[in-house]
1. Does segment 351-368 contain any residue that is over 23 Å from residue 60 (Cβ atoms), in contact with a helix residue (DSSP H, G or I) (Cβ under 8 Å, 6 or more places away or on another chain), at pLDDT 95 or above and surrounded by fewer than 14 Cβ atoms within 10 Å (Cβ to Cβ)?
2. Any residue that is in a helix (DSSP H, G or I), within 16 Å of the ligand (Cβ to nearest atom) and at pLDDT 95 or above - is there at least one of those in segment 178-192?
3. Answer yes or no as to whether residue 228 is within 15 Å of the ligand (Cβ to nearest atom), surrounded by 15 or more Cβ atoms within 10 Å (Cβ to Cβ) and in a strand (DSSP E or B).
4. What number of residues within segment 392-443 are within 19 Å of the chain's Cα centre (by Cα) and outside any loop (DSSP other than H, G, I, E, B)?
5. Report, by residue number, each residue of segment 132-151 that is within 16 Å of the ligand (Cβ to nearest atom) and buried (at least 24 other Cβ atoms within 10 Å of the Cβ).
6. If residue 65 satisfies every condition in (1) more than 16 Å from the ligand (Cβ to nearest atom); (2) more than 20 Å from the chain's Cα centre (by Cα) but one, which is the exception?
7. For segment 103-131, enumerate the residues that are part of a helix (DSSP H, G or I), in contact with a strand residue (DSSP E or B) (Cβ under 6 Å, 6 or more places away or on another chain), away from the ligand (no atom under 15 Å from the Cβ) and more than 17 Å from residue 293 (Cα to Cα).
8. Could you tell me which residue of segment 33-72 is surrounded by the most Cβ atoms within 10 Å (Cβ to Cβ), considering only residues that are in contact (Cβ under 8 Å) with a residue 40 or more places away in the chain and in a helix (DSSP H, G or I)?
Ligand code: PLP
């Protein structure tokens, strides 16, 4: 059944009129609402009216193993019947130990310990606070600045917002947080005149060093970045030299390097960590969430080396925690999710299906007057929507092309998540990040539905 023929439900996504519904607030009776979810299976979701939607972005880049996985549901039920909550200061759980072993093994050398929380923002808060406590206990109390990139997205809590490079959120919450220094992220589509992708990326890395020196190296605690950005840069992939230069700059100045792999981690890019693509430039800390438990439970993780935890342990432990950290139910569910990732060889599959998806997206782009770029790695891909492909000119900000595309997508039976970071100042892109379980036939269907949605958008613009 097609969503366009049957659906009578009024829908809104993105900006809402004054007095209308506000995403996440449920009391606005009678206001326009998105479709109401009924069930999910594999790469598909169905609303209560029976309309099917291909989940082309795995929700918010979350549902890595697809919906309704019976083994994960069984593990959830089994753990729920045993115990769902035991406070971790009183009890450790087999599930969290097993999960830590598994995640650290998948993350590889340099990652010995895992700290589990409820999501991405909490994981980044934990990373920043652990870095700070490490600096304090190792006699570097002046180190308190965390440099990050512009654009970037590291979460919505106030600490994570302080390191998020987004002028829109800063315009609202900036006065409430300690402004942290920002450096340019190397974007790949609009490279400044006179630069190649490599020279531009190296200039961005060198800006990090200039900033560390300007701020005073002994005051800089860490540099946090998304190795491949999602909401921030739309899957822009920097050349390898960038990662190597950043690593050596951090080493030179004693600055901890944190990779936020909340979107890019857990296999999505065709490696368990995106960091694995640049093996000579490993970070000190990695944060994960989203695909780690793949939407079956809220979960985030911070992975760190022994030396950091050992230093903090000597001072009485990490002065930080949340009620739901190391939750046994969440850990059991994530264990089952990672079991599926391993057994179905989903990391390799992300690589193989990623190539197929990229080829299909390039065909769609070639036929579309408004798709200016296709980029990404593995199944972490994006298209960029422009007014003019030759000049790369953007559509007017007031048009909000990504939100419009989502509207067209819902009419055609494809769910396209996006959130317009920086009010589109760095481009209007649409992530295409389906579950890693997607089949070649489903990729064809995704490309077809996306093309129809893009045609609707192009007609609206013409
Ligand atoms: N970091 C990155 C790179 C993200 O993409 C997100 C969420 O989209 C977050 C952090 C925040 O994660 P959460 O929404 O689970 O708090």
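The values are calculated or read from the model by the stated rules, or taken from the named source; none is laboratory data. Computed from a predicted model, the values in this text were never measured in an experiment. All Cβ positions, even for glycine, are placed from backbone atoms using ideal geometry, and neighbour counts span all protein chains on display.
1. Checked against the condition, which is being over 23 Å from residue 60 (Cβ atoms), in contact with a helix residue (DSSP H, G or I) (Cβ under 8 Å, 6 or more places away or on another chain), at pLDDT 95 or above and surrounded by fewer than 14 Cβ atoms within 10 Å (Cβ to Cβ), segment 351-368 yields at least one hit.
2. The answer is no; no qualifying residue exists.
3. When the stated conditions are applied, residue 228 does not pass them.
4. So the answer is 13.
5. Residues satisfying the conditions are 146, 148, 149, 151.
6. All conditions pass for residue 65, except number (2).
7. 131
8. 58
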